[in-house]
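Colleague: My questions will all concern the structure given below.
The values are calculated or read from the model by the stated rules, or taken from the named source; none is laboratory data. Keep in mind that this is a model prediction, so the values were computed, not measured. Every residue, glycine among them, receives a Cβ derived from its backbone with ideal geometry; neighbour counts consider all protein chains shown. The protein model used for the area step is the full one, side chains on, heavy atoms only, and it has no ligands, DNA or RNA in it. Shrake-Rupley method; radii C 1.70, N 1.55, O 1.52, S 1.80 Å.
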Amino acid sequence: MNQKGLSEKEVLSMLDTARLKDASYDNVLSAMCTRPHPVAVKAHMQFIESNLGDFGLFPGTKELEEKVIALMGGLLGDPNACGYITTGGTESNIQALRAARNLTGKKFPNVIVPSSAHFSFDKIADLLGIEIRKADLDGVFRADIGSVEGLIDENTIALVGIAGSTEFGQIDPIDKLAKLALSHDLVLHVDAAFGGFVIPFLDKKYDFDFSLKGVTSITADPHKMGLSTIPAGGLLFRDMSCLSRLEVDTPYLSIRKQHSLTGTRSGAAVASTYAVMMHLGKEGYRKIVDGCMKMTARLVDEAGELGVEPVIDPVMNIVALNVPAMDEVRKRLWARGWFTSITRSPRAMRLVIMPHLTDEVLTRFISDLRECLRE
Ligand code: PLP
């Protein structure tokens with residue numbers, strides 16, 4: 001560090017230089033995050049110093065968090081759900097399974113996830129000493145219920161279902177998983193990190209939330225399709241019996257107990273989520289999801305005209321395309337400024353059609369894809 005500080009102007013200019021190296025979301029078709037809504041940014045700045053790790057000092061922000069959880073619970077089948085705003089899907093998944101482990105108190109616990117589960121579950125295995133068992137998928141990449149059932153034994157503490165899988169945007173048969181969980185007296189955690197702010201606004205209806213009796217907890221991230229600022233994840237429990245299993249005593253804070261994984265945590269993300277949810281309302285989110293779904297359908301149609309088919313018909317705004325010579329084509333697209341991603345099995349080009357994309361951007365992307373296929 002310099003002995004003498006630099007002027008604000010110098011520092012800001014250094015930041016500008018760094019920022020210019022970052023990708024602009026305009027050409028990003030690989031990310032599950034997007035530009036936050038302007039009202040979310042304003043709210044974030046207003047609450048920039050608020051710390052919910054010590055919420056006795058920030059009762060106003062804490063009230064907002066309770067309101068956000070009630071709003072999210074309302075979207076996810078139970079306005080009386082409890083929980084808190086986390087740093088994202090990873091923390092929510094960790095905490096949901098930590099609560100399940102603490103609730104059951106088993107010595108060698110295992111959890112069954114579909115093999116489509118996000119890699120946060122591999123971190124959980126490492127962190128929590130939980131064995132993660134991966135169930136097979138059916139022909140359209142949903143958890144195979146027979147395979148899940150076959151993996152259950154006396155040490156199983158929880159099942160996990162995915163509502164909006166990272167790679168294919170697929171929704172597991174959560175109703176069947178819920179029945180299975182109830183019949184074996186297991187926790188069912190639903191990872192709707194991406195789908196939580198999509199599925200409620202789709203034309204087609206899916207059972208995936210607390211309206212199913214067997215669902216214990218849900219991950220749903222405002223910083224993905226919720227258009228909030230980063231870091232805003234959501235972890236909701238049906239009741240306090242699970243949430244309370246996360247509490248530790250906090251002797252020297254303004255509060256007695258804390259249930260979050262992190263200590264200091266952003267009140268700004270809470271304010272931002274509250275602001276954008278109140279501002280958009282269900283109607284606003286429906287319009288956004290609708291726009292993304294229309295662009296997704298268009299992309300599939302126009303890719304089809306190039307002889308490129310999707311691996312499955314998209315369920316939400318995520319498409320996996322069977323692109324010939326994919327690695328080469330992705331390199332060519334990258335050279336033209338496009339960020340795409342992949343699915344693992346089968347290997348395909350994964351595209352996430354987020355609200356920062358527009359029809360005009362898609363026209364350019366499809367035209368570049370056409371040329372990159374020919375080159
Ligand atoms: N769960 C799912 C289904 C996801 O798609 C992701 C991220 O892509 C996560 C969890 C992890 O979320 P985060 O990156 O916010 O920790």
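Colleague: Working carefully through the options Pro114, Pro109, find the one that is open to solvent by less than 50 Å² (accessible area, probe 1.4 Å) and either closer than 18 Å to Ala163 by Cβ or within 16 Å of the ligand (Cβ to nearest atom) (or both). Lay out the reasoning, then the answer.
Modeller: Details: Pro109 fails: either closer than 18 Å to Ala163 by Cβ or within 16 Å of the ligand (Cβ to nearest atom) (or both).
Within the list Pro114, Pro109, the selection yields Pro114.
Colleague: Would you confirm whether any residue within the stretch 19-29 is out of contact with any Ser or Thr (no Cβ under 9 Å at 6 or more places or on another chain) and in contact (Cβ under 8 Å) with a residue 12 or more places away in the chain?
Modeller: Scanning the stretch 19-29 turns up at least one residue that is out of contact with any Ser or Thr (no Cβ under 9 Å at 6 or more places or on another chain) and in contact (Cβ under 8 Å) with a residue 12 or more places away in the chain.
Colleague: Here is a follow-up. Residues to consider are Arg364, Arg332; find the one that is assigned to a helix (DSSP H, G or I), open to solvent by 30 Å² or more (accessible area, probe 1.4 Å) and out of contact with any helix residue (DSSP H, G or I) (no Cβ under 8 Å at 6 or more places or on another chain).
Modeller: Going through Arg364, Arg332 in turn, the sole match is Arg364.
Colleague: Given the residues Leu299, Leu351, which is the only one that is open to solvent by less than 30 Å² (accessible area, probe 1.4 Å), within 21 Å of Ala31 (Cα to Cα), out of contact with any His (no Cβ under 7 Å at 6 or more places or on another chain) and not in a helix (DSSP H, G or I)?
Modeller: Leu351
Colleague: Moving on to the next point. Can you name the number of the only condition in (1) under 22 Å from the mean Cα position of the chain (by Cα); (2) of a type outside the set (Gly, Ala, Ser); (3) away from the ligand (no atom under 16 Å from the Cβ) that Met45 fails?
Modeller: Answer for Met45: the failing condition is (1).
Colleague: With respect to the numbered conditions (1) out of contact with any strand residue (DSSP E or B) (no Cβ under 7 Å at 6 or more places or on another chain); (2) without any contact (Cβ under 8 Å) to a residue 60 or more places away in the chain; (3) in a helix (DSSP H, G or I), which one is the sole condition not fulfilled by Tyr285?
Modeller: Going through the list (1) out of contact with any strand residue (DSSP E or B) (no Cβ under 7 Å at 6 or more places or on another chain); (2) without any contact (Cβ under 8 Å) to a residue 60 or more places away in the chain; (3) in a helix (DSSP H, G or I), Tyr285 breaks only (2).
Colleague: For the stretch 240-255, does any single residue satisfy the condition of being within 16 Å of the ligand (Cβ to nearest atom), touching a Lys or Arg at 6+ places or on another chain (Cβ under 8 Å) and touching a residue at least 60 places away in the same chain (Cβ under 8 Å)?
Modeller: Taking the stretch 240-255 and keeping what is within 16 Å of the ligand (Cβ to nearest atom), we get none.
Within the stretch 240-255 (the criterion being within 16 Å of the ligand (Cβ to nearest atom), touching a Lys or Arg at 6+ places or on another chain (Cβ under 8 Å) and touching a residue at least 60 places away in the same chain (Cβ under 8 Å)), the answer is no, since none of the residues qualifies.
Colleague: For Leu321, indicate whether it is assigned to a helix (DSSP H, G or I) and open to solvent by less than 10 Å² (accessible area, probe 1.4 Å).
Modeller: Numbers: assigned to a helix (DSSP H, G or I): no; open to solvent by less than 10 Å² (accessible area, probe 1.4 Å): yes.
Answer is no for this residue.
Colleague: Could you count how many residues in the stretch 138-160 are acidic (Asp, Glu) and either within 25 Å of the chain's Cα centre (by Cα) or open to solvent by less than 30 Å² (accessible area, probe 1.4 Å) (or both)?
Modeller: Within the stretch 138-160, residues that are acidic (Asp, Glu) and either within 25 Å of the chain's Cα centre (by Cα) or open to solvent by less than 30 Å² (accessible area, probe 1.4 Å) (or both) number 2.
Colleague: With respect to the numbered conditions (1) open to solvent by 10 Å² or more (accessible area, probe 1.4 Å); (2) modelled with pLDDT of 95 or more, which one is the sole condition not fulfilled by Val308?
Modeller: It is condition (1) that Val308 fails.
Colleague: Ok, one more. For Glu66, state whether it is open to solvent by 60 Å² or more (accessible area, probe 1.4 Å) and of a type outside the set (Gly, Ala, Ser). Please lay out each step first, then the result.
Modeller: Working: open to solvent by 60 Å² or more (accessible area, probe 1.4 Å): yes; of a type outside the set (Gly, Ala, Ser): yes.
So Glu66 fits the description; yes.
Colleague: For the stretch 101-113, state whether one or more residues are in contact (Cβ under 8 Å) with a residue 24 or more places away in the chain, closer than 30 Å to Ala268 by Cβ and not in a helix (DSSP H, G or I).
Modeller: The answer is no, given that none of the residues of the stretch 101-113 is in contact (Cβ under 8 Å) with a residue 24 or more places away in the chain, closer than 30 Å to Ala268 by Cβ and not in a helix (DSSP H, G or I).
Colleague: Another one. Restricting to the stretch 181-212, and then to whatever is over 24 Å from Asn317 (Cα atoms) and crowded, with 21+ Cβ neighbours inside 10 Å, can you tell me which residue is nearest to the ligand (Cβ to nearest atom)?
Modeller: My answer is Leu188.
Colleague: Among the candidates Ser254, Ser266, Ser345, single out the residue that is in contact with a Pro (Cβ under 7 Å, 6 or more places away or on another chain), open to solvent by 30 Å² or more (accessible area, probe 1.4 Å) and not acidic (Asp, Glu).
Modeller: Just one listed residue meets the conditions, Ser266.
Colleague: Let me ask you something else. Would you confirm, using the coordinates I've provided, whether Glu91 is within 16 Å of the ligand (Cβ to nearest atom) and in contact (Cβ under 8 Å) with a residue 12 or more places away in the chain? Give the derivation first.
Modeller: On the way: within 16 Å of the ligand (Cβ to nearest atom): yes; in contact (Cβ under 8 Å) with a residue 12 or more places away in the chain: yes.
Judged against the criteria, Glu91 is a match.
Colleague: Quick one: which of Leu76, Leu128, Leu52 is within 16 Å of the ligand (Cβ to nearest atom), over 20 Å from the mean Cα position of the chain (by Cα) and open to solvent by less than 40 Å² (accessible area, probe 1.4 Å)? Break it down stepwise before answering.
Modeller: Numbers: Leu76 fails: over 20 Å from the mean Cα position of the chain (by Cα); Leu52 fails: within 16 Å of the ligand (Cβ to nearest atom).
That would be Leu128, the only listed residue that is within 16 Å of the ligand (Cβ to nearest atom), over 20 Å from the mean Cα position of the chain (by Cα) and open to solvent by less than 40 Å² (accessible area, probe 1.4 Å).
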